[in-house]
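In what follows, a structure is listed as structure tokens, so that the remarks can point back to it.
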Amino acid sequence: MTTQPVASPANIDAAAQRLFRAIETNSPCDPVRDLIGENDVAAAYKVQEQLIAARVGAGAKVVGRKIGATSKAVQDQLGVDQPDFGVLLDDMEYREDEVVPMSRLLQPKVEAEVAFVLGEDLAEGELDVAQVRGAIDYAVAALEIVDSRIENWNISFGDTVADNASSGLYVLGTQRLTLADFEPVEVEMSMTIDGEEVSTGNGAACLGDPLNAVSWLARYARDFGVPLRAGQVLLSGALGPMRPVAPGQVVTAHISGLGSATATFSA
């Protein structure tokens, strides 16, 4: 980050500790904007950085990034007006043949996305869409299970950024396609819960094109000092509105031309 936090180091530490306690006790906490403000983006990412450092110190491994609040529908749902990013850790992924444990979640919502896996670093150069396209190894359908440690999703932009962009868990589909095989901007999405359609959208809903979202992330992550690396998974952002999920439900994202991803939640 090139800007410096307005919030004091003590307040940043206190915000991180509040979120730590929510994670450790598996119970939601008050918003942290009383400590870091609603829009002090630099301070919010400092809090996120502390949360991730603690998880890595406990043995987790960084495997990618997620882009949050890329669609107007989700921005409206969350009450924010710009995208953000969070960090994906290796213990956040579940396979389609695994049951997603509700015990790891507080107040989950699910959204359908296109996920990309990088074949090359995105650390130098313009980091424009053309460079991003060339760096992507393949894409898969994905479900992101977003979650908030903030009680009742009562979040400002600063709250969600501090809380690792409201990250929870994620599930990737098994069908892998290169960008020679489909155009992310052209996909149509339908998400079902227990077979009932609950969300629809398309590639253009994600910052105009999921590749635009990745380009934004690549530049922002480099500015933040943590550029994107080959092999990382990138969740590019929601294609349509997110929906709450309850124990025992089965959620499937159907993405035209790319396949599907299914998450089964424990009862």
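When residues in region 239-255 are screened for being touching a Gly at 6+ places or on another chain (Cβ under 7 Å) and among the aliphatic types (A, V, I, L, M), 1 of them pass. Going by the conditions given, is residue 60 surrounded by fewer than 23 Cβ atoms within 10 Å (Cβ to Cβ), among the small types (Gly, Ala, Ser) and either more than 23 Å from residue 242 (Cβ to Cβ) or at pLDDT below 95 (or both)? It is true that residue 60 is surrounded by fewer than 23 Cβ atoms within 10 Å (Cβ to Cβ), among the small types (Gly, Ala, Ser) and either more than 23 Å from residue 242 (Cβ to Cβ) or at pLDDT below 95 (or both).
Condition check: touching a helix residue (DSSP H, G or I) at 6+ places or on another chain (Cβ under 8 Å), farther than 25 Å from residue 28 by Cβ and surrounded by fewer than 18 Cβ atoms within 10 Å (Cβ to Cβ). Does residue 119 satisfy that? Yes; evaluated as a whole, the condition is true for this residue.
Could you check, for region 109-119, whether at least one of its residues is over 21 Å from residue 201 (Cα atoms), among the basic types (Lys, Arg) and in contact (Cβ under 8 Å) with a residue 40 or more places away in the chain?
Taking region 109-119 and keeping what is over 21 Å from residue 201 (Cα atoms), we get 117-119.
In the following step, the residues that additionally are among the basic types (Lys, Arg) were identified as none.
So far as region 109-119 goes, no, none of its residues is over 21 Å from residue 201 (Cα atoms), among the basic types (Lys, Arg) and in contact (Cβ under 8 Å) with a residue 40 or more places away in the chain.
Confirm whether residue 99 is in contact with an Asp or Glu (Cβ under 9 Å, 6 or more places away or on another chain) and more than 21 Å from residue 215 (Cα to Cα). If you could, list the steps in order and put the result at the bottom.
Details: in contact with an Asp or Glu (Cβ under 9 Å, 6 or more places away or on another chain): no; more than 21 Å from residue 215 (Cα to Cα): yes.
Against the criterion (in contact with an Asp or Glu (Cβ under 9 Å, 6 or more places away or on another chain) and more than 21 Å from residue 215 (Cα to Cα)), residue 99 does not qualify.
For region 70-81, how many residues are modelled with pLDDT of 75 or more and surrounded by fewer than 17 Cβ atoms within 10 Å (Cβ to Cβ)? Here the count works out to 0. Filtering region 213-236 to residues that are surrounded by fewer than 21 Cβ atoms within 10 Å (Cβ to Cβ) and in contact with a helix residue (DSSP H, G or I) (Cβ under 7 Å, 6 or more places away or on another chain) leaves 224, 227.
Being among the hydrophobic types (A, V, I, L, M, F, W, C), at pLDDT 95 or above and in a loop (DSSP other than H, G, I, E, B), is that true of even one residue in region 218-234? Scanning region 218-234, I find at least one residue that is among the hydrophobic types (A, V, I, L, M, F, W, C), at pLDDT 95 or above and in a loop (DSSP other than H, G, I, E, B), so the answer is yes.
Can you go through 202, 164 and tell me which one is in contact with a strand residue (DSSP E or B) (Cβ under 9 Å, 6 or more places away or on another chain), surrounded by 16 or more Cβ atoms within 10 Å (Cβ to Cβ) and without any contact (Cβ under 8 Å) to a residue 40 or more places away in the chain?
On the way: 164 fails: without any contact (Cβ under 8 Å) to a residue 40 or more places away in the chain.
Within the list 202, 164, the selection yields 202.
Would a scan of region 148-160 turn up a residue that is under 22 Å from residue 249 (Cα atoms), out of contact with any Pro (no Cβ under 8 Å at 6 or more places or on another chain) and surrounded by 15 or more Cβ atoms within 10 Å (Cβ to Cβ)? Looking for residues that are under 22 Å from residue 249 (Cα atoms), out of contact with any Pro (no Cβ under 8 Å at 6 or more places or on another chain) and surrounded by 15 or more Cβ atoms within 10 Å (Cβ to Cβ), one finds at least one in region 148-160, hence yes.
Within region 3-35, restricting attention to residues that are of a type in the set (A, V, I, L, M) and under 18 Å from residue 147 (Cβ atoms), the residue that is surrounded by the fewest Cβ atoms within 10 Å (Cβ to Cβ) is 23.
The values are calculated or read from the model by the stated rules, or taken from the named source; none is laboratory data. Note that the coordinates shown come from a computational prediction; the quantities given were computed from them, not determined experimentally. Here the Cβ is made from the backbone with ideal geometry for all residues, glycine too, and neighbour counts use every protein chain on show.
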